[in-house]
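> My structure is below; once you've seen it, I'll send some questions.
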Amino acid sequence: MTRIGIIIGSTRPGRNGEQVAKWVFDLASRRDDAEFELVDLLDYPLPHLDEPVPASLGQYQNEHTKQWAAKIASFDGFVIVTPEYNHSTSGVLKNAIDYLFAEWNNKAVGFVSYGSAGGARAVEHLRLVAGELKMADVRQQVVLSLATEFENYSVFKPGEYNVPAVDILLDEVIAWSQALAPLRATA
């Protein structure tokens, strides 16, 4: 069965991303066309990139990198839940992405973003990174404004009108993950 990782892209104390990712996971868990797993970057405390060889060579030397690589390799696609910090994604998410290369290749990725501008600018950057990693980023994006989807900018209370957007995102991530399976098999 197709496996989709839902990555919580923030480790900041008081982060909103965990609430958002759990909501996405709860909606995804109602489906029977894929398996879903929450991946919390707090569980993978990667230091600032400390591998001496570029990730594209796949010669990981540190145990924390090998554990992270094994987790990411186990998925066929991803939903990345990202905040927007200073018109981009979080540093911890970018660092975690940069640790690996082949483990991201030929996999689909969709984005759920949140922030004062809905996190749209963070996703613009992540789409560029995804292309370099040979990932297929799906068109659908779920954009959540701190002003309308969070009470006091901190308690996530999504409107029901967001659910169809998540469903479309998951449809696209699953379809593209399955379509890319032959490329992953020959890699």
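The values are calculated or read from the model by the stated rules, or taken from the named source; none is laboratory data. The shown structure was predicted, so the numbers you read here are calculated from the model rather than taken from an experiment. Virtual Cβ from ideal backbone geometry, glycine too; neighbours counted across all protein chains shown. Only protein heavy atoms, including side chains, enter the accessible area calculation; ligands, DNA and RNA are left aside. Shrake-Rupley method; radii C 1.70, N 1.55, O 1.52, S 1.80 Å.
> Suppose we filter the range 27-41 for residues that are part of a helix (DSSP H, G or I) and over 13 Å from HIS64 (Cβ atoms); how many remain?
Selection size over the range 27-41: 2.
> Okay, moving on. Out of the range 69-95, which residues are outside any strand (DSSP E or B), open to solvent by less than 40 Å² (accessible area, probe 1.4 Å), touching a residue at least 60 places away in the same chain (Cβ under 8 Å) and out of contact with any Asp or Glu (no Cβ under 6 Å at 6 or more places or on another chain)?
Selection gives PHE75, ASP76, THR89, SER90, LEU93.
> Right, here's the next one. Tell me, please, whether a residue that is part of a loop (DSSP other than H, G, I, E, B) and surrounded by 22 or more Cβ atoms within 10 Å (Cβ to Cβ) can be found in the range 111-118. Outline the logic, then answer.
At the first step, the residues of the range 111-118 found to be part of a loop (DSSP other than H, G, I, E, B) are 116-118.
Still in the list and also surrounded by 22 or more Cβ atoms within 10 Å (Cβ to Cβ): none.
There is no residue in the range 111-118 that is part of a loop (DSSP other than H, G, I, E, B) and surrounded by 22 or more Cβ atoms within 10 Å (Cβ to Cβ).
> What number goes with the only condition from (1) open to solvent by less than 70 Å² (accessible area, probe 1.4 Å); (2) in contact with a helix residue (DSSP H, G or I) (Cβ under 6 Å, 6 or more places away or on another chain) that ASN162 does not pass?
Condition (2) is where ASN162 drops out.
> Considering the range 121-130 alone, what residues qualify as being under 24 Å from PHE36 (Cβ atoms) and surrounded by fewer than 19 Cβ atoms within 10 Å (Cβ to Cβ)?
Once the filter is applied, which keeps residues that are under 24 Å from PHE36 (Cβ atoms) and surrounded by fewer than 19 Cβ atoms within 10 Å (Cβ to Cβ), the range 121-130 yields ARG127, VAL129.
> Taking ALA28 as the residue in question, decide whether it is in contact (Cβ under 8 Å) with a residue 40 or more places away in the chain, closer than 20 Å to MET135 by Cβ, crowded, with 17+ Cβ neighbours inside 10 Å and out of contact with any Ser or Thr (no Cβ under 6 Å at 6 or more places or on another chain).
Spelling it out, ALA28 is indeed in contact (Cβ under 8 Å) with a residue 40 or more places away in the chain, closer than 20 Å to MET135 by Cβ, crowded, with 17+ Cβ neighbours inside 10 Å and out of contact with any Ser or Thr (no Cβ under 6 Å at 6 or more places or on another chain).
> A further question on this structure: Could you tell me how many of the residues in the range 96-106 are open to solvent by 10 Å² or more (accessible area, probe 1.4 Å), of a type outside the set (Phe, Trp, Tyr) and part of a loop (DSSP other than H, G, I, E, B)?
Result for the range 96-106: 4.
> Are any of the residues in the range 39-59 buried (at least 18 other Cβ atoms within 10 Å of the Cβ) and either at pLDDT below 95 or within 25 Å of GLU160 (Cα to Cα) (or both)?
Within the range 39-59, one or more residues are buried (at least 18 other Cβ atoms within 10 Å of the Cβ) and either at pLDDT below 95 or within 25 Å of GLU160 (Cα to Cα) (or both).
> Output the number of the condition that ALA179 fails; it satisfies all remaining conditions of (1) closer than 16 Å to GLU103 by Cα; (2) open to solvent by 50 Å² or more (accessible area, probe 1.4 Å).
Among (1) closer than 16 Å to GLU103 by Cα; (2) open to solvent by 50 Å² or more (accessible area, probe 1.4 Å), the lone unmet condition for ALA179 is (1).
> In the range 10-24, what residues are under 15 Å from the mean Cα position of the chain (by Cα) and either part of a loop (DSSP other than H, G, I, E, B) or farther than 19 Å from SER145 by Cα (or both)?
Hits for the range 10-24 are SER10, THR11, ASN16.
> Which of the residues that make up the range 3-19 are over 20 Å from ILE72 (Cα atoms) and not small (Gly, Ala, Ser)? So that I can check it myself, show each step before the final result.
Going residue by residue through the range 3-19, those that are over 20 Å from ILE72 (Cα atoms) are 12-16, 19.
Within the range 3-19, ARG12, PRO13, ARG15, ASN16, GLN19 meet the criteria.
> Taking the criterion of being open to solvent by 40 Å² or more (accessible area, probe 1.4 Å), modelled with pLDDT under 95 and in contact with a helix residue (DSSP H, G or I) (Cβ under 8 Å, 6 or more places away or on another chain), would at least one residue in the range 134-150 satisfy it?
Looking through the range 134-150, none of the residues is open to solvent by 40 Å² or more (accessible area, probe 1.4 Å), modelled with pLDDT under 95 and in contact with a helix residue (DSSP H, G or I) (Cβ under 8 Å, 6 or more places away or on another chain).
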